[in-house]
Structures are given as C-alpha cells and as structure tokens.
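Take a look at the structure below.
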Amino acid sequence: MKLRYLLHAAILILLTLVAAPRKIWDRTTLTDTGKIISIPFSEASPIHSSKEAKCSQFNTNRLSFPKPDLTWRFYKDTDYGFAVEYPNGWKSQVTIYQAEPFTDPDAILKRITFTGAEGLIDLDIWFSHDRDLTSWLEWYSKTRYELPFLSPNATVGDQLAVSFIEKGSSVDMLTTFIYGEKYVYRLWYTVSRNEAGLQAYKHMLDTFTSPQAKTAPAQLPQEVIQEALSSIRYSSVINPLVSSCCGYTSSGNPFGCCDNKGNCVWWVWYKYSVPIPFRGDAWKWWYQVPDYPDWGRRSTPRQNPGENIAWWDKSSSNNNLGHVAYVANYTGGNYVTVTEMAYCTICYRARTILVTAPNGYIFLWKYPVP
C-alpha cells in the first residue's frame, strides 16, 4: 500500500514539473509563459530611434570561422625602403601620396591600402620630426584625437611599437604604430567578421621591416589579440569591401551596412566622387582631416563646384558617436540639402537643414574636373 502511495506521489511531482512554465533566455529578452520582460539597453546592444539620423550600434550576429589558409607575396616600397608580406590575391594600391616639396609635412606622406576578400589594411607613414615614439603619439593625440595608449607596449621586428584596439560603433580598428626614428608607421586594420583578416594583419607585422631594422616576429600584448578576436565576432563588416546596402551598390566600400539596414559612413563613401580616406566612426572623421593633405574642413560648406560632407560631433548626437551626411552641391544661402543613411535605422532620406545645423563640413580641396 505504501509503495502505491509513493508511486502516485512521484507521478504527481513529475506532472507538476512538466506543466511548469518554461523560461527561454536570449541576449535581449526573457520569455516566461507569454510574458516578455525587456532587459535594459545598458545590458544589451543600444537601438537608436531618434528622429535625427545618427550612427549607433546594434549587431549580435556571431559566426564560426574556417581555418585561414593564406599564402603571401612581397611588397617593397621604393620611396621609403620598408618592406612587408601581404596575402596573395590581395591588391596593393597607393591611396595617399605627397611628392616633394611636401604639401603638408605633418600629414601622411604615403598610404598603401591592401585589400582582399579577407580584409582591408592601411599602411601609413609620417615624419617623426625627431620625436621619440611617446612624444610623437602625444603630439598626435593633441592635434588629431586622443589615443588610448601613448607608451610602447609592443615590438615589431626590433623596433618599438604601440598596439591597441580603437573601439567603434559598428567596427573596431586594430592599430599598431611603429617607430622608425625618421618615420613613424601605422598598420591600421578595419576589423571585419573574418578571422583570416586578423591572421593577415599579424603576418604583415611579423614581416614588416624598415631600413636598418631587423626582421623578427612581432610581440603584441595578449589582451590586444583577445580584444581583436572579440571585435571580429561583432563587426558589421562581413566582407571588407561591402558591395551593397539597402539596394544600393558601391564597389570597394570599406564600411559595414548593419545587416542591410543602413549606415551613414557607408552612404557618404558611396556618394562621394572619389574614394575617401576616412576610417572608423563618423565623429573621428573631422579629427582625421589633418592626416590627409588633400582634404580640408571648416564651419561652412565649400561653395560650387564641389561636394561636402556634413559632419556632427559625438557631443551633438544622442548616442555619442557622431554622424555624417552627403552634400551634393552648395551654392550659398542659409539652407543646405543633405542625403544620408543612419546606422541600423534609416536606409535613405533627403532633408533640407540650416547650414549651421552640422558642426562642420569636410571637403576635397582639389575637386576633380568632370
């Protein structure tokens, strides 16, 4: 008899457990018997819903990565004597070049952009102006934008270097400055959702040599590598040369499109008549202008002929990340018409705004003749 009662009790307990409400967790919501409880945005990815177009962050896609299988080719720079190996199948192209006499000796003297299916990496060179690496980085932070590290924490070959991640909204930049006495070099990787791109970047650091320098494997802080691996998983740049966004096609565009939901920087790169040199978040573009000798900035747009990039600083945006929009032509007056996208929220719109609404305008000094 007691055995039968115990069996009935066990069955009742089992039925109670089966009938209990199930809880399903994901990154942003908790579902419990039909009730949805939102987790605060401080604990999830922010979604921007302002009426003004601003860039924001929302990307939760994760990918499993195939094992990279890259072979290499050799690049030797005839102007400055440095050399590096980069992936077979990638294109190397000089995208910034100052001939002597230099237009601006404080700007980038030369940029070689390496692009392929696995990534996009810029190699930049500046004069050191007889500064050591820390002094040069301090100068850069004062005249451009503040860098997160100023003291050497790495070596490339037998040269001092500093390496870190520049955190962004939709994409991070893996940055390594290398000291070469007369010159300072930067290897700048637009982190994409592809582990092979990180392998290419590390191999380029391992094989980079400047005149009178020895080749040796680069020594980077382990936390930088770990941050880079984390950045890969959340980057909006699925292919570093995104060809389409919201139905528009742009061959070679280095910016992401937020799962085909729009991106302000993608749109400006697409609309401008020449490839633009800016990288990273919209707010940084203004502060990068001094690096690019062919580009200018001011509080009012440049009048016809020419294109402008309307720019909003991070302090003027709800999400603290800034915004850019395209100005096709400006002939004067108190108003300007812009076209734009917004990250993850707006695929396209045109609007007419006060000339004083943006914080400033960026433009190419020598506008190409049609």
Restricting attention to segment 175-199, report how many residues are of a type in the set (A, V, I, L, M, F, W, C) and modelled with pLDDT under 95. 3
Has segment 205-214 got at least one residue that is modelled with pLDDT under 95 and either within 22 Å of G252 (Cα to Cα) or touching a helix residue (DSSP H, G or I) at 6+ places or on another chain (Cβ under 7 Å) (or both)? no
Every pair of residues 6+ apart whose Cβ atoms lie under 6 Å, when the first sits in segment 72-87 and is more than 16 Å from L198 (Cβ to Cβ) and modelled with pLDDT of 95 or more while the second is acidic (D, E) and not in a loop (DSSP other than H, G, I, E, B): F74/E85
Unique match (being closer than 20 Å to D124 by Cβ, open to solvent by less than 10 Å² (accessible area, probe 1.4 Å) and not small (G, A, S)) among Y183, Y201: Y201
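One line per residue, one yes/no per condition, for (1) open to solvent by 30 Å² or more (accessible area, probe 1.4 Å); (2) under 23 Å from A310 (Cα atoms); (3) in a strand (DSSP E or B):
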| site | (1), (2), (3) |
| --- | --- |
| V224 | no, no, no |
| A228 | no, no, no |
| I238 | yes, no, no |
| S244 | yes, yes, yes |
| G252 | no, yes, yes |
| G256 | no, yes, no |
| W266 | no, yes, no |
Number of the condition not met by I238 [criteria: (1) at pLDDT 90 or above; (2) over 27 Å from A161 (Cβ atoms); (3) aliphatic (A, V, I, L, M)]: (1)
Among (1) open to solvent by 60 Å² or more (accessible area, probe 1.4 Å); (2) touching a residue at least 60 places away in the same chain (Cβ under 8 Å); (3) closer than 25 Å to L187 by Cβ; (4) out of contact with any Gly (no Cβ under 8 Å at 6 or more places or on another chain), there is one condition K261 misses while meeting the rest; what is its number? (3)
Could you check segment 114-144 and list, in sequence order, the residues that are open to solvent by less than 10 Å² (accessible area, probe 1.4 Å), of a type outside the set (G, A, S) and under 26 Å from R193 (Cα atoms)? F114, L120, I121, D122, L123, D124
Among (1) in contact (Cβ under 8 Å) with a residue 60 or more places away in the chain; (2) of a type in the set (G, A, S); (3) over 19 Å from D281 (Cβ atoms); (4) not in a helix (DSSP H, G or I), S192 falls short only on (3)
Taking the conditions exactly as written (buried (at least 18 other Cβ atoms within 10 Å of the Cβ), part of a strand (DSSP E or B) and in contact with a helix residue (DSSP H, G or I) (Cβ under 7 Å, 6 or more places away or on another chain)), does I362 satisfy them or not? yes
Give segment 290-336 a look and list any residue that's touching a Gly at 6+ places or on another chain (Cβ under 7 Å) and open to solvent by less than 30 Å² (accessible area, probe 1.4 Å), or say none. W311, W312, D313
Kindly establish whether P68 is outside any strand (DSSP E or B), within 29 Å of E195 (Cβ to Cβ) and at pLDDT below 95. yes
On the given criteria, is V338 assigned to a strand (DSSP E or B), modelled with pLDDT of 95 or more and in contact with a helix residue (DSSP H, G or I) (Cβ under 7 Å, 6 or more places away or on another chain)? no
Kindly indicate which of D124, D130, D158 is among the charged types (D, E, K, R) and on the phi > 0 side of the Ramachandran plot. D130
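The values are calculated or read from the model by the stated rules, or taken from the named source; none is laboratory data. Predicted, not measured: the structure shown is a model, and the values here were computed from it. Here the Cβ is made from the backbone with ideal geometry for all residues, glycine too, and neighbour counts use every protein chain on show. Note: accessible area is taken over every heavy atom of the protein model, side chains too, but ligands, DNA and RNA are not part of it. Shrake-Rupley method; radii C 1.70, N 1.55, O 1.52, S 1.80 Å.
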